[in-house]
1. Being more than 12 Å from the ligand (Cβ to nearest atom) and surrounded by 22 or more Cβ atoms within 10 Å (Cβ to Cβ) is the filter; apply it to segment 97-114 and report the residue that is nearest to M201 (Cα to Cα).
2. Which pairs turn up if I take residues in segment 281-310 that are closer than 13 Å to D39 by Cα and more than 16 Å from the ligand (Cβ to nearest atom) and look for partners that are of a type in the set (A, V, I, L, M, F, W, C) and assigned to a strand (DSSP E or B) with beta carbon separation below 8 Å, at least 6 apart in sequence or on another chain?
3. How many residues, within segment 276-313, are touching a Pro at 6+ places or on another chain (Cβ under 7 Å) and farther than 27 Å from F216 by Cβ?
4. Within segment 211-232, which residues are touching a Phe, Trp or Tyr at 6+ places or on another chain (Cβ under 6 Å) and of a type outside the set (A, V, I, L, M, F, W, C)?
5. Look at segment 155-169 and say how many of its residues are surrounded by 20 or more Cβ atoms within 10 Å (Cβ to Cβ) and more than 16 Å from the ligand (Cβ to nearest atom).
6. What number goes with the only condition from (1) away from the ligand (no atom under 16 Å from the Cβ); (2) part of a loop (DSSP other than H, G, I, E, B); (3) surrounded by 15 or more Cβ atoms within 10 Å (Cβ to Cβ) that D172 does not pass?
7. Is there a residue in segment 149-157 that is under 20 Å from I278 (Cβ atoms), of a type outside the set (A, V, I, L, M) and part of a strand (DSSP E or B)?
Amino acid sequence: MRNRLIGLASAVSLLAISACSPEAGPVAPTGGTNPLIRDAFTADPAPLVVGNTVYLYTTHDLAEGDVLYAMNDWLVYSSQDLRNWEAHGPVMSESDFSWAEANNSAWAAEAIEKDGKFYLYAPVKHKEPDRGFAIGVGVSDSPTGPFVDARGSALITNSMTTVGRDYDQDIDPTVFIDDDGSPWLMWGHFTCFLVKLKPNMTELDGEIMTIELPDFTEGPWLFKRGDIYYLAYASIDEIEGGNERIAYATAPAVTGPWTYWGLITGETRNSYTIHPGIIEFKDQWYFFYHDALLDIGDLEGADGRRAVAAEYLEFNDDGTIVPVEQTDVGISAPPP
Ligand code: FUB
């Protein structure tokens, strides 16, 4: 996020927010057309496959008027066909982290299952003295929560990442378990960080590394297909600027070396940000993202009122990704 956007977000975060809180239960069926989720303004999709169900974790935009962000909790939806979704309501709130400032900081999170438990890695603003975004871990026995603070303290704090930007660089965690069972956490904002986690998922197991990637901005998403490790991320062209697009790189191991391949998709509609979430489900790959085309009641889509969407994701024989076109049809039509 650009500095001026962060400034705006902080300045408005004390506003009382009331709009668009979703009820638990089935949401209006979309048949897979975009936006996929329409009962609330949602962003930063983090899909998780558990058996024959996809749990879709999202951030939750409550901004009104010209407010940029008002995000206080994380939502989850579930579906067995990606066309009919059930809302389970908020799974965790920023105020569940006692060390957090709890002030418009429930930004992009990701969940994973390990040994029958579910872990939610979530960025929130830390209280003094270690001010700045930090990353906490929630734990639950169920993918639909509720998640509770697994540590009672932040896993990653601003003072642990001294390279790059101050204050807002420890955001957008992606968590990945490698074939040997090792969990890895990646995150960052203009600097991409990587660290191994201990098997308990709540402690670091080594030094924090940095990964060099062209135009890395935020929103990393790690996954593996066959022998290839993939890293999708939001990028802004260093020379031309503009809005975020989704780029990707591949590697023979999670630690790299990473080879940059270009864009998966370009700027999204009506939103400065875009954020990837990629899964394979029932032998088909999917690309989740957000745009800002949804209107709910009197509120129109905007940078602070985004909406989660999805498209099919296809790979070439050499493992490179076929560029994704952002559509209204989404996954309602059969895959190409
Ligand atoms: O939703 C708040 C922030 O905007 C996320 O953390 C970024 O990825 C961007 O989508």
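1. Within segment 97-114, the subset more than 12 Å from the ligand (Cβ to nearest atom) is 97-103, 111-114.
Right, trim to surrounded by 22 or more Cβ atoms within 10 Å (Cβ to Cβ) and you get 97, 100, 111.
Details: F97: 17, A100: 20, A111: 11 Å.
Filtering first and then ranking leaves A111.
2. I296/F41; L299/F41
3. 2
4. Of everything in segment 211-232, those that are touching a Phe, Trp or Tyr at 6+ places or on another chain (Cβ under 6 Å) and of a type outside the set (A, V, I, L, M, F, W, C) turn out to be P214, G219, P220, Y230.
5. So the first thing to find is which residues in segment 155-169 are surrounded by 20 or more Cβ atoms within 10 Å (Cβ to Cβ), and the list is 155-156, 158, 161, 168-169.
Restricting the remaining residues to those that are more than 16 Å from the ligand (Cβ to nearest atom) gives 155.
Count: 1.
6. Just one mismatch for D172, condition (1).
7. Step one: filter segment 149-157 for residues under 20 Å from I278 (Cβ atoms), giving none.
No, segment 149-157 has no match at all.
Yes/no matrix, rows are residues, columns are (1) away from the ligand (no atom under 14 Å from the Cβ); (2) at pLDDT 95 or above; (3) in contact with a Gly (Cβ under 7 Å, 6 or more places away or on another chain):
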position: D180; (1), (2), (3): yes, yes, no
position: T191; (1), (2), (3): yes, yes, yes
position: L194; (1), (2), (3): yes, yes, no
position: K198; (1), (2), (3): yes, yes, no
position: M209; (1), (2), (3): yes, yes, no
position: E212; (1), (2), (3): yes, yes, no
position: W221; (1), (2), (3): no, yes, yes
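The values are calculated or read from the model by the stated rules, or taken from the named source; none is laboratory data. No experiment lies behind these values; they were computed from the predicted model shown. Positions of Cβ are backbone-derived with ideal geometry, glycine not excepted, and every protein chain shown enters the neighbour counts.
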